[in-house]
Structure formats: structure tokens, C-alpha cells
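S.K.: Before we start, here is the structure in question, set down as C-alpha cells.
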Amino acid sequence: MTASPVVSADKTAAGRRRIRGWLWFTVPSTYGVLAAAYALLPSLPGLAEPAERLVLAVRWLLVAFIPYAAVCLTILYQRYAEGSHNPLLGAESERLAVQCRVMQNTLEQLVWFALCILALATLVSATEARLIPILCVFFALARFVYWWGYLRDGTLGRFPGVQLTFLLNVPLLALVLVRFARSLLS
């Protein structure tokens, strides 16, 4: 039995209002937390050369990788516990299917983030390099919020984590592109 179009439209509208309502919290809190962390974290020593900053980025990307590794290990355990060893059969539980969607989305966002962080490491100064660990920790927290929300409240529960991730990744990409363009022009 399918829901009536009116009920479905009402649920969609309510979901959109809920998502928009959270923007008033996620936008200022995201940039407030990042700004405060940047102001409080002292400059990191020994990062005069771009290669040193690149090594820093690779090391801190391990922190950003933790949510992906965690969901992969969770899927491994759930497949074993459920006896759903063959993903092609489609016999997994709804919870396992959600875990798989979380894993895929986290990988997609991690690729975007990692490419930007690696490029950023070569484009920032030694004093600005403290941004790298801050962004990596925030990314990991945002992905855990996404995962938790999806498991707690289904598809609509993902939105705080989605907002946090995109509020990080989109400006990060813009920053890297601007810095890259400036490096080409100088």
C-alpha cells in the first residue's frame, strides 16, 4: 500500500522545513567552531616547506579516515552476524543496508575532502597549516554525526551530518581553487 500523494507531499514539506530550520544552527556553529579552533590552536612547528605540510596532511587524513574504517568494520561484523556474506543476494537487513549507504557516502565525501586537504597543504603558509588538523577532526566528527543520524532517524536523520560535511567541503574546495589560481598568477 502506498501513501497518498497529499500525505507524501506533507511529509516532504515537513522534512524540508526541518532541514532549513537546522541551517540556522549548523552554519554559524560550523564556522564558529572552526574559527575558535583556529584561533586557539598555536602554529605548528617545522612546516616551512610544502613537503612538510604535505606530510602533515597525509598524517591527519588518517583521522578523517576513521569514520570510514569504523563503518567498514561494522559492516564486516554485521555481515558475519547476519550470515549475509554475499552482498549480491540482497539478503541483508535494513540496518545493514543503511550501514552500506553510510559507507558509500562517507567514501565519496572522503575523496573530495582528501583531495582538497592535500592540495591545501601545498598552498598554505606554515602558520596557516594548523588548519589541516582542525579540518580533519571536524570532518571525522561530521561523518559520525551523519552515521548516527541515519541510524537514529532514517534518511531524514542524515541532514545534520550532510550539512556539516558540505559546510566544510564546499568552502574548502573554493579556498583551494582560489589559492591555486593565485599561485598560478603570481
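The values are calculated or read from the model by the stated rules, or taken from the named source; none is laboratory data. Worth saying up front: this structure is predicted, and the values here are computed from it rather than measured. Here the Cβ is made from the backbone with ideal geometry for all residues, glycine too, and neighbour counts use every protein chain on show. For the accessible areas, the whole protein counts, side chains as well, though only heavy atoms, and no ligand, DNA or RNA atoms are used. Shrake-Rupley method; radii C 1.70, N 1.55, O 1.52, S 1.80 Å.
S.K.: Looking at 106, 122, which is the one that is surrounded by 21 or more Cβ atoms within 10 Å (Cβ to Cβ) and among the polar types (S, T, N, Q)?
M.R.: The conditions single out 106.
S.K.: Going by the structure shown, is residue 39 part of a helix (DSSP H, G or I) and open to solvent by less than 70 Å² (accessible area, probe 1.4 Å)?
M.R.: Values: part of a helix (DSSP H, G or I): yes; open to solvent by less than 70 Å² (accessible area, probe 1.4 Å): no.
So residue 39 does not fit the description; no.
S.K.: Residue 63 - would you say it is closer than 21 Å to residue 130 by Cα, within 15 Å of the chain's Cα centre (by Cα) and either of a type in the set (Val, Ile, Thr) or in a helix (DSSP H, G or I) (or both)?
M.R.: Working: closer than 21 Å to residue 130 by Cα: yes; within 15 Å of the chain's Cα centre (by Cα): yes; either of a type in the set (Val, Ile, Thr) or in a helix (DSSP H, G or I) (or both): yes.
For residue 63, the condition - closer than 21 Å to residue 130 by Cα, within 15 Å of the chain's Cα centre (by Cα) and either of a type in the set (Val, Ile, Thr) or in a helix (DSSP H, G or I) (or both) - is met.
S.K.: Something else now. Evaluate the range 99-113: report whether one residue or more is in contact (Cβ under 8 Å) with a residue 40 or more places away in the chain, more than 25 Å from residue 79 (Cα to Cα) and not basic (Lys, Arg).
M.R.: Among the residues of the range 99-113, at least one is in contact (Cβ under 8 Å) with a residue 40 or more places away in the chain, more than 25 Å from residue 79 (Cα to Cα) and not basic (Lys, Arg), which makes the answer yes.
S.K.: A further question on this structure: Taking residue 51 as meeting all but one of (1) loosely packed, with under 11 Cβ neighbours inside 10 Å; (2) without any contact (Cβ under 8 Å) to a residue 12 or more places away in the chain, write down the number of the exception.
M.R.: Every listed condition holds for residue 51 apart from (1).
S.K.: Kindly indicate whether any position in the range 74-82 is hydrophobic (A, V, I, L, M, F, W, C), over 20 Å from the mean Cα position of the chain (by Cα) and closer than 30 Å to residue 23 by Cα.
M.R.: The first filter runs over the range 74-82 and keeps only residues hydrophobic (A, V, I, L, M, F, W, C), leaving 75-76, 81.
Retained after the next criterion (residues that are over 20 Å from the mean Cα position of the chain (by Cα)): 76, 81.
Retained after the next criterion (residues that are closer than 30 Å to residue 23 by Cα): none.
No, the range 74-82 contains no residue that is hydrophobic (A, V, I, L, M, F, W, C), over 20 Å from the mean Cα position of the chain (by Cα) and closer than 30 Å to residue 23 by Cα.
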